[in-house]
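Chemist: Quick one: structure below, then a few questions.
The values are calculated or read from the model by the stated rules, or taken from the named source; none is laboratory data. Model, not experiment: these values are computed from the prediction. With ideal geometry, Cβ positions are generated from the backbone for all residues, glycine too; neighbour counts draw on all protein chains shown.
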Amino acid sequence: MKKVLSLLLSFGFLLLFSFQCEQKECCGPPPASCFPGASLSGTWRLEAYQNLSTNQKESNPDADGRGVQLTFAEEGRTGTITGHTAANTVFGSYTKTDSCALTNVTFGGTKVGEPNPWSANVWSAMHGATAFEVGGNELFIYFNGKTERMIFRKN
């Protein structure tokens, strides 16, 4: 009888903990994804660069500073970019597809030297931007053959 009771208790705990893990996974923020009609619209602050091969993130070294902030405005599949880096005013345009590809990306602005390499990296990253994903308050812009991405948080 003790063996049966012990077995039932063990099985009960296993079920209890199994369902708790499942609930935690379902209740977080929605994962970033691509879906028809996905939009980059809004004002976004660059939080980090991430190398997807190594999963290494390079976060903003001056999180309380001016940083990189981009505002995307869309009309259909085309959009415009305005904003700033740590030292420059920036602007550009892009075209997007239903598969979240970015094409015809232009990115320019004033040409004052950036105070740090982290802020300067946005120039080459945006020139090489090829895709995006949106989820909750996060925007991911992929570059360098989708091996790296910029992680933005919505303002």
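Chemist: Taking the condition in contact with a Cys (Cβ under 8 Å, 6 or more places away or on another chain), closer than 17 Å to Leu52 by Cα and surrounded by 13 or more Cβ atoms within 10 Å (Cβ to Cβ), does Glu148 pass?
Modeler: On the way: in contact with a Cys (Cβ under 8 Å, 6 or more places away or on another chain): no; closer than 17 Å to Leu52 by Cα: yes; surrounded by 13 or more Cβ atoms within 10 Å (Cβ to Cβ): yes.
Criteria not met by Glu148.
Chemist: I need the full set of residues from the range 51-67 which are within 13 Å of the chain's Cα centre (by Cα) and more than 14 Å from Asn121 (Cα to Cα), in order please.
Modeler: Within the range 51-67, Leu52 is the sole residue that qualifies.
Yes/no matrix, rows are residues, columns are (1) among the hydrophobic types (A, V, I, L, M, F, W, C); (2) at pLDDT 95 or above:
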{"site": "Asn51", "(1), (2)": "no, yes"}
{"site": "Val68", "(1), (2)": "yes, yes"}
{"site": "Ala73", "(1), (2)": "yes, yes"}
{"site": "Gly79", "(1), (2)": "no, yes"}
{"site": "Thr85", "(1), (2)": "no, yes"}
{"site": "Thr89", "(1), (2)": "no, yes"}
{"site": "Asp98", "(1), (2)": "no, no"}
{"site": "Val105", "(1), (2)": "yes, yes"}
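Chemist: Regarding the range 114-124, can at least one residue be identified that is more than 24 Å from Ser59 (Cβ to Cβ), of a type in the set (Ser, Thr, Tyr) and either surrounded by fewer than 19 Cβ atoms within 10 Å (Cβ to Cβ) or at pLDDT 95 or above (or both)? Explain how you work it out, then say what you get.
Modeler: Within the range 114-124, the subset more than 24 Å from Ser59 (Cβ to Cβ) is none.
Taking every residue of the range 114-124 in turn, none turns out to be more than 24 Å from Ser59 (Cβ to Cβ), of a type in the set (Ser, Thr, Tyr) and either surrounded by fewer than 19 Cβ atoms within 10 Å (Cβ to Cβ) or at pLDDT 95 or above (or both).
Chemist: Can Val90 be described as of a type in the set (A, V, I, L, M), surrounded by 13 or more Cβ atoms within 10 Å (Cβ to Cβ) and free of Cβ contacts under 8 Å to residues at least 60 places away in the same chain? Steps first, answer last, please.
Modeler: Details: of a type in the set (A, V, I, L, M): yes; surrounded by 13 or more Cβ atoms within 10 Å (Cβ to Cβ): yes; free of Cβ contacts under 8 Å to residues at least 60 places away in the same chain: yes.
Yes: the conditions hold for Val90.
Chemist: If Met150 passes every condition in (1) in contact with a helix residue (DSSP H, G or I) (Cβ under 7 Å, 6 or more places away or on another chain); (2) more than 26 Å from Gly65 (Cβ to Cβ); (3) not aromatic (Phe, Trp, Tyr) but one, which one does it miss?
Modeler: Met150 satisfies every listed condition except (2).
Chemist: Restricting the range 31-49 to residues that are part of a loop (DSSP other than H, G, I, E, B) and closer than 14 Å to Glu138 by Cα, which is modelled with the lowest pLDDT?
Modeler: Of the residues in the range 31-49, the ones part of a loop (DSSP other than H, G, I, E, B) are 31-32, 34-41.
Now drop any that are not closer than 14 Å to Glu138 by Cα, which leaves 31-32, 34, 38-41.
On the way: Pro31: 70, Ala32: 78, Cys34: 87, Ala38: 91, Ser39: 94, Leu40: 96, Ser41: 97.
Here the residue is Pro31.
Chemist: If you don't mind, there's one more thing I want to ask. For residues that are at pLDDT 95 or above and assigned to a loop (DSSP other than H, G, I, E, B), tally how many sit in the range 53-66.
Modeler: Residues that pass the stated criteria total 3.
Chemist: Yes or no: Ala129 at pLDDT 95 or above and assigned to a helix (DSSP H, G or I)? Write out each step before concluding.
Modeler: Working: at pLDDT 95 or above: yes; assigned to a helix (DSSP H, G or I): no.
When the stated conditions are applied, Ala129 does not pass them.
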